[in-house]
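Here the structure comes first, spelled out in C-alpha cells, and everything after it is commentary.
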Amino acid sequence: MLTPKYPPQDTAPKGPLPATTQGQTTAAPVPAPVVPVPPVSTRPTIQLTPGSALALAAGGGAVVLVVGAVLVSLLLAVAITGVSVAVVAVVLRLLVNDLHKAR
C-alpha cells in the first residue's frame, strides 16, 4: 500500500545505431498526423429539462424559505426570553426594595 509504483522499464535498444554508408540514403519515416481524442468521462451526465429546472428552482426557494423561517423563529425565541428575563429582574428588584423598606 505504501510502496512506490515505478513505471515499466524502457525497452529502447541500448548502444549506438547502425552506421550507414555514404551511398545509402534512407527516407525518414513520415509520422502519422496526431488527431486529438476528446477525453471520455465516466461520470453520468445530467440533462435538465425546463420542467426539472423549474422544480429545482422551486425546491431551492422552498429550502430558503424554511431555513429563513427557522432562523427568524429562533431569533424571536431569544428575544422573548430576553424580555421575560428583564421583566422578572425588574419585578424581583421591586420586591427586594419593598422588603428593605418594610424593615
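The values are calculated or read from the model by the stated rules, or taken from the named source; none is laboratory data. This structure is a prediction, so every number in the text was calculated from the model and none was measured. With ideal geometry, Cβ positions are generated from the backbone for all residues, glycine too; neighbour counts draw on all protein chains shown.
Taking the conditions exactly as written (hydrophobic (A, V, I, L, M, F, W, C), at pLDDT below 95, surrounded by 10 or more Cβ atoms within 10 Å (Cβ to Cβ) and part of a helix (DSSP H, G or I)), does Leu92 satisfy them or not?
No: the conditions fail for Leu92.
Any chance the stretch 57-71 includes a residue that's in a loop (DSSP other than H, G, I, E, B), at pLDDT 85 or above and out of contact with any Leu (no Cβ under 6 Å at 6 or more places or on another chain)? Walk me through how you get there before you give the answer.
Start the filter on the stretch 57-71 by keeping residues that are in a loop (DSSP other than H, G, I, E, B), which leaves none.
No.
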